[in-house]
Every structure is written in C-alpha cells, then in structure tokens.
Ligand SMILES: [Zn+2]
C-alpha cells in the first residue's frame, strides 16, 4: 500500500512545481504596468535613493525588479493646498532619478516608448498628475505639464476645483446640486487633454463630473486607481453604471489595492485596531503623522493580520468589472505608497507574483492576465497618443 501513496505524493509535488513554473512563466512574460504609485511625494521629502532598497517604501527599483514590474506610472501628488510649482518640483525629482540611473529606468510617454524600454530590461517610468488644482486654472500650465511628460491628469483629487467636483464632495453632499460636474472651463480642460493626447483620469471625481467628462471625451478614459462600488459602497469606488460607461468608451479601470477600498468590513475593523493601541498610536502620530498607521501595523502585525482581506477579495473586484464589460477594460492601479495597507501577501511591488498565482487559480488565462497587467493600458495609451 505504501507505493501508491508515495506515487501520489510525488505526483502532487511534481504538479506543484509545474504550477509554480507556470505562475513564474506567465508573470515574467507579461508586461506589468501599475498606473498609480505615490512614492514620489514621499521621496521628495526624505531624499531617499529609489535605486536602493527602501524598507519604508512600497516601491523602489530593487523591489520592482523582484516583483517583475515593468512600468510604473508615478503619481504627481500634493494635497489640496499644493499648486503647479509642487507638480514641477516632483517631476524634477523623478527626472533626477532617471538621470542618476539611466541603465535601470527611463521615461516613457507613448506605448511605443514603453515597449522599447521594457525590451531593454529597464523600468519604464510614466508621469500621472493627480489633481486638476495643480494646473492653477491655466491651460498653458496644462500644456507645460504635457510637455514634461504627463500621460494622465486626474481631474480632481479629494478636493473639488473651480471647474470639476470630486467624489468626496459630491457624495459627501457638501456642494449645491446646480454646481456639480464640469464647468465650461472644465470642458475646455477635457478638450485640451484630448488634443494633447493626455489621458483623462476619472478616479477621485464625482459622478456628475465623471459623466460630463466621459460623454465629452473623444478618447478612451482611465480610472487610474479605483474599485467597485457594488462590492464596497464608498465614494471613491465606481458604480455599475459608471463601469458600463467605461466599457462603452473603450477605457480602462485599474483596480486599487487599498484595503479600505477592497473590503467593506475593513474600515470599521481598522478603527477598532487603532483604538486598541490608542496611546501608542497617538505617540507615533506626534513623531511622524504620515507614517504612524503603517508603523502601528508593523508593530502589531499578528493582530492586524486578522482583519486583513485576502487577495481573493481584490480579485472579486476584477471579476465584477470583467463580468460587466469584459477583460479588455481592467488594469492594475495598486496605490502603493499612497494607501495604508493592502490584501494579505501584497505588501509591496515585490509581491505582484502572488496576484498572478491567485488570478490563475481563479481561471484567468495567460492571455487574460497579460491584458489585465499591461496590454489594456498600452491599448488605451496608444489610442490617446496615436502611438
Ligand atoms: Zn488617489
């Protein structure tokens, strides 16, 4: 009786090896593009070299290599008080990184550039500007950002501009009904983005702005980092009606990995977690307000792990979009370095292969995974830029 059991065990371990090889092969072959990372707004303060491994950051070039990441859209972000000068400073800090490490990373502004850079075994860097307030209500500044390499403009961040209302404000009910959506100047911004071949990014915008912009845009739009509202009904996630509109527009929704977007139960559980370590959290906030939550999670990971969603729940968001509008309109916009925490196993950009493993288990083919990881974004970028 021993022999069949030994044979079976050998067979199982053999298929596990083959399976791991499959994951690896599919992962390596894909062009993996993430459409949203906030590391620059942190790096500009610390001055850390992103070519070296930086444990505090979710992205650096060492981890990107390990995770098989091929292209990164760097979010140019400042809070609502920031302006055009903040955007320029952040873009300059990216340029400095590119100049220091030309063998490892290079700027891409078109799909053709991106494929070429990836074929040379370098990371393609792209620029996305997150928040229309950074154009200072001035179309010539929009032109200048495009000249410097901006491939998308997120029309609003959490704050509304004079010309476009945000999801936080629209759904928060802060604004008068008649002022919702895009103003005449807002429409000029969308037209100009179309002319320049800069993608209109509708993550963060309110529903009225969303429909005004998508109906006006002559090119595919993107949502660079958003999840599904019907799974987790928070203002930042998109409704089925919005998802259907993106399908019709031939655009792209890149799913966000932030636990508070992925998991409807997370926010309340996380509040209880913070409350449990209230004094410690208060002390940490005094030292470093921006990094306090992450540090608390690091210190009490065994406890935090209990409330961390699975990668499967993130894949539910992908599944939902695929069911509604097909596999050609979903991508990856992890929000690394911008969000506090991510599903179990996806702690930083080195962990992308774990997502590939779950996608395969959930029945996604190699071709589907390649589309989700990069081909869909490349199609949309090409449609916008013309190359
Ligand atoms: Zn954001």
Open item on the list: Show me the ranking of peptides 201-209, 23-31 by mean Cβ neighbours inside 10 Å, starting with the highest.
Closed with: 201-209, 23-31
Task: Antiparallel DSSP beta bridges within the chain, percent to nearest 5 - done: 5 percent
- [ ] Could you work out how far helix 2-29 tilts from the main Cα principal axis of the chain, as a 0 to 90 degree angle to the nearest 10?
- [x] 20 degrees
- [ ] In nm, give the distance between the simple-model label positions of residue 7 and residue 383, each being 7 Å from the Cα along the Cα-to-Cβ direction.
- [x] 5.4 nm
Task: Shape call, segment 167-261: gyration tensor on alpha carbons, a/c limit 1.5 - done: oblate
- [ ] Have a look at 69, 153, 284 and tell me which one the Gaussian network model of the chain (Cα, springs below 10 Å) gives the largest fluctuation.
- [x] 284
Open item on the list: Angle check, please: helix 311-325 long axis (alpha carbons) against the longest principal axis of the chain (alpha carbons), in degrees 0 to 90, nearest 10.
Closed with: 60 degrees
- [ ] For a quick protection proxy, order the peptides 348-356, 34-42, 92-100 by their average other-Cβ count within 10 Å, most packed first.
- [x] 34-42, 348-356, 92-100
Task: Global form of segment 266-308, assessed from the alpha-carbon gyration tensor, a/c cut-off 1.5 - done: prolate
- [ ] Just grab the label-to-label distance for residue 287 and residue 83, each label 7 Å out from Cα along the Cβ direction, in nm (one decimal).
- [x] 3.6 nm
Open item on the list: Could you tell me the center-to-center distance, by alpha carbons, between segment 310-327 and segment 25-71 in angstrom?
Closed with: 24 Å
Open item on the list: Using Cβ contacts closer than 10 Å as the measure, can you line up 156, 110 from fewest to most?
Closed with: 110, 156
TODO: Would you work out the relative contact order for segment 229-370, in percent, from Cα pairs under 8 angstrom that are 6 or more residues apart?
DONE: 31 percent
Open item on the list: Let me make sure I get this right: for segment 118-182, a, b and c are the square roots of the gyration tensor eigenvalues over alpha carbons, sorted descending. Under 1.5 in a/c it's rounded, otherwise prolate if a/b > b/c, else oblate. Which is it?
Closed with: oblate
- [ ] Report, in whole Å, the centroid distance computed from the Cα atoms of segment 79-154 and segment 342-364.
- [x] 27 Å
TODO: Pairs of Cα atoms under 8 Å, at least six residues apart: use those to get the relative contact order of segment 310-376, whole percent.
DONE: 43 percent
- [ ] Would you mind getting me the FRET efficiency between residue 49 and residue 310? Use the beta-carbon distance for r and R0 = 35 Å, nearest 0.05.
- [x] 0.55
Open item on the list: At 0.36 nm per residue, and after removing the present C-alpha to C-alpha distance, how many nm does the segment from residue 361 to residue 119 gain when stretched out fully?
Closed with: 84.3 nm
Task: Ascending count of other beta-carbon atoms within 10 Å, so fewest first, for 7, 273, 258, 377 - done: 7, 273, 258, 377
Task: Label-to-label distance, nm, for residues given as residue 218 and residue 275 (7 Å Cα→Cβ offset) - done: 5.5 nm
- [ ] Give me 138, 302 ranked fewest to most by other Cβ atoms within 10 Å of their Cβ, as a rough exposure proxy.
- [x] 302, 138
Open item on the list: Restricted to Cα positions, what overall size does the chain have along the principal axes? Three whole-Å values, descending.
Closed with: 80, 53, 45
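Read the figures in this text as sums done on the coordinates, not as results from a lab. Model, not experiment: these values are computed from the prediction. Every residue, glycine among them, receives a Cβ derived from its backbone with ideal geometry; neighbour counts consider all protein chains shown.
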